[in-house]
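S.K.: Below are the structure tokens for one structure; questions will follow.
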Amino acid sequence: MRWAILAFMFFLYVINFADKAIAGYAAVSITEEFGLTPLQWGLVGSSFFWSFVISNIFGSTLSDRFGTRKMITIMAISWTILQFGAFAITNLQLLIAYRILLGIFEGPFFATAIAQLNHWFPAKSRGMATSILNFGGVVGGLVCAPILVYLIETFGWKISFGSLGFVSLLWTILWVWLGKERPDESSEEVAKAPIIKEKENLKTILSSMFSLTFLVTLFAGFTVYWYLSWIQVWMPSFLIKAKALSTSEMSYVASLTGLLAGLVTISISIFSDYLFKKNSSYRKSRVLVAGFTFFIGAALFYSMTEIHSIAWTIAVLILGKGCLSAVFVMGPHISSSLLPQRTSLMIGTFAGVSTIAGVVGPIVSGNLVQAAGKDIVQGYDNTILMVVGLSIIAGILLIAFAKPDNEVKKKQKIMDETEQQAL
């Protein structure tokens, strides 16, 4: 049954990222229809993430309280309604309002989905399970690009949005019928939870959230999401305007790079799981893997500003995106290891703070492209150099300061001392 649950989460993440990415593929149609400037389009891209921090944390808290299955059902129903509501968009203001609402109801999904999977998969297999979940985002955002572009060009962008609403509705019906919160206690599929001696309280939560390990992990997530928001908002126009591809060529390149990058991410995650099985160390298996993949990604993206051939661009988008996406697999497990009894809250906070980059990144990138004037290639290169700089900083901070195993041992020592004093 655990694989069926993973399949449900995978396909819902396909819908989730298709919802996010479809606006980028419709960028040319939407900007021409409403007469938007690059800066205004950056604002549209940013608006999706304005509510992400609050919705991630609040929604994840509700998941811990009421259960992941109920929260996932509510989110899927909300997406369905909003995608059908796209037919009412007639101007920039309504477009921004639509994106804000979609962001509110999509925000908690990542943390809630991982918490759902953690009910079914043991710690030694969670990197693989999370990377497969993330691959659903790749399929929805990039691999489905030819289908989304075909719908946009053939039927218009509003029809294409509505088609996603229909798919969400179908998924919700199947989930309500077949989905389960967690395995039965007698099942061999039960993912054994860690034994928690400490009673949960606000002090415990705050000490975990303000630990140096969690803070640098948040910056790592912020960096990855800066790049992911670039992929969603700017990559389609980058391939069309800077690389002179047609819309259909762009969709196939996006699809190819997304598919192969997803396989790179899964490979890195399986390697991380292998290390965890050998040493049971979050630092050796999650932190160091994430840190070094940041450096590899930074080197690849920098090379793209020096080598402008489309073949090399495709290679970098495959390997570089695969590396940075792997960091977003490691981050939730580093975060949840600090406070296992509040998995949804820790991952929700990680995801929510990370998506601040989705607010800032598209606007900064829009300014950089617009400031370059007629030199379109240099404008896009400047946006890529931002990713390079952030990745180098994030890699250094992770390797130097993220020590989740020490944090857990320190907390366990305090708990043991407290118990002894009580006796």
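The values are calculated or read from the model by the stated rules, or taken from the named source; none is laboratory data. These numbers were taken from a predicted model, which means no experiment stands behind them. Positions of Cβ are generated from backbone atoms using ideal geometry, with glycine treated the same way; all protein chains shown enter the neighbour counts.
S.K.: Name the residues in segment 281-302 that are over 30 Å from residue 124 (Cβ atoms) and crowded, with 21+ Cβ neighbours inside 10 Å, would you?
M.R.: Residue satisfying the conditions is 301 alone.
S.K.: While we're here: Residue 56: under 17 Å from residue 349 (Cα atoms) and within 16 Å of the chain's Cα centre (by Cα), yes or no?
M.R.: Against the criterion (under 17 Å from residue 349 (Cα atoms) and within 16 Å of the chain's Cα centre (by Cα)), residue 56 qualifies.
S.K.: I'm checking my understanding of the structure. Among residues of segment 381-423 that are among the hydroxyl-bearing types (Ser, Thr, Tyr) and modelled with pLDDT of 90 or more, which one is nearest to residue 287 (Cα to Cα)?
M.R.: Step by step, filter segment 381-423, then rank; the result is 391.
S.K.: So in segment 202-230, with the set limited to residues that are modelled with pLDDT under 90 and touching a Gly at 6+ places or on another chain (Cβ under 7 Å), which one is farthest from residue 366 (Cα to Cα)?
M.R.: 225
S.K.: Can I ask one more? Restricting attention to segment 303-321, does a residue exist that is within 21 Å of residue 129 (Cβ to Cβ), crowded, with 22+ Cβ neighbours inside 10 Å and touching a residue at least 60 places away in the same chain (Cβ under 8 Å)?
M.R.: yes
S.K.: Then there is this: Quick check: anything in segment 267-289 part of a loop (DSSP other than H, G, I, E, B) and basic (Lys, Arg)? Spell out how you get there, then give the answer.
M.R.: Pass one, segment 267-289, residues part of a loop (DSSP other than H, G, I, E, B): 280-281.
From the residues that got through so far, the ones that are basic (Lys, Arg) too are none.
No, there is no match, as no residue in segment 267-289 is part of a loop (DSSP other than H, G, I, E, B) and basic (Lys, Arg).
S.K.: Output the number of the condition that residue 237 fails; it satisfies all remaining conditions of (1) under 26 Å from residue 337 (Cβ atoms); (2) surrounded by fewer than 22 Cβ atoms within 10 Å (Cβ to Cβ); (3) not hydrophobic (A, V, I, L, M, F, W, C).
M.R.: So residue 237 meets the others, but not (1).
S.K.: OK, next. Hey, can you tell me all the residues within segment 39-57 that are surrounded by 17 or more Cβ atoms within 10 Å (Cβ to Cβ) and assigned to a helix (DSSP H, G or I)? Reasoning before the result, please.
M.R.: Start the filter on segment 39-57 by keeping residues that are surrounded by 17 or more Cβ atoms within 10 Å (Cβ to Cβ), which leaves 41-53, 55-57.
Selection gives 41, 42, 43, 44, 45, 46, 47, 52, 53, 55, 56, 57.
S.K.: Against the definition (within 16 Å of residue 394 (Cβ to Cβ), in a helix (DSSP H, G or I) and either among the aromatic types (Phe, Trp, Tyr) or touching a residue at least 40 places away in the same chain (Cβ under 8 Å) (or both)), how does residue 299 come out, yes or no?
M.R.: When the stated conditions are applied, residue 299 does not pass them.
S.K.: Going by what's in this entry, would residue 126 be described as part of a helix (DSSP H, G or I), at pLDDT 85 or above, buried (at least 22 other Cβ atoms within 10 Å of the Cβ) and of a type in the set (Lys, Arg)?
M.R.: Values: part of a helix (DSSP H, G or I): yes; at pLDDT 85 or above: no; buried (at least 22 other Cβ atoms within 10 Å of the Cβ): yes; of a type in the set (Lys, Arg): yes.
The answer is no for residue 126.
S.K.: Right, another one. Could you check, for segment 147-156, whether at least one of its residues is among the small types (Gly, Ala, Ser) and over 15 Å from the mean Cα position of the chain (by Cα)?
M.R.: yes
S.K.: Six or more apart or on different chains, Cβ under 8 Å: which pairs go from a residue in segment 1-20 that's without any contact (Cβ under 8 Å) to a residue 40 or more places away in the chain to one that's assigned to a helix (DSSP H, G or I) and surrounded by 21 or more Cβ atoms within 10 Å (Cβ to Cβ)? Could you list them?
M.R.: Listed by first residue and then by second, the contacts come to nothing, as the list is empty.
S.K.: Would you mind stating whether residue 324 is in contact with a Gly (Cβ under 6 Å, 6 or more places away or on another chain), in a helix (DSSP H, G or I) and within 19 Å of residue 397 (Cβ to Cβ)? Steps first, answer last, please.
M.R.: On the way: in contact with a Gly (Cβ under 6 Å, 6 or more places away or on another chain): yes; in a helix (DSSP H, G or I): yes; within 19 Å of residue 397 (Cβ to Cβ): yes.
Yes; evaluated as a whole, the condition is true for this residue.
S.K.: Another one. Keeping to segment 243-254, report how many residues are part of a helix (DSSP H, G or I), small (Gly, Ala, Ser) and surrounded by fewer than 21 Cβ atoms within 10 Å (Cβ to Cβ).
M.R.: Total meeting the criteria: 1.
S.K.: Go through segment 205-216 residue by residue and tally those that are among the β-branched types (Val, Ile, Thr) and either closer than 28 Å to residue 24 by Cα or surrounded by fewer than 19 Cβ atoms within 10 Å (Cβ to Cβ) (or both). It would help to see each step written out before you state the result.
M.R.: Keep residues of segment 205-216 that are among the β-branched types (Val, Ile, Thr), which gives 205, 213, 216.
Adding the requirement that they be either closer than 28 Å to residue 24 by Cα or surrounded by fewer than 19 Cβ atoms within 10 Å (Cβ to Cβ) (or both) leaves 205.
Residues in segment 205-216 being among the β-branched types (Val, Ile, Thr) and either closer than 28 Å to residue 24 by Cα or surrounded by fewer than 19 Cβ atoms within 10 Å (Cβ to Cβ) (or both): 1 in total.
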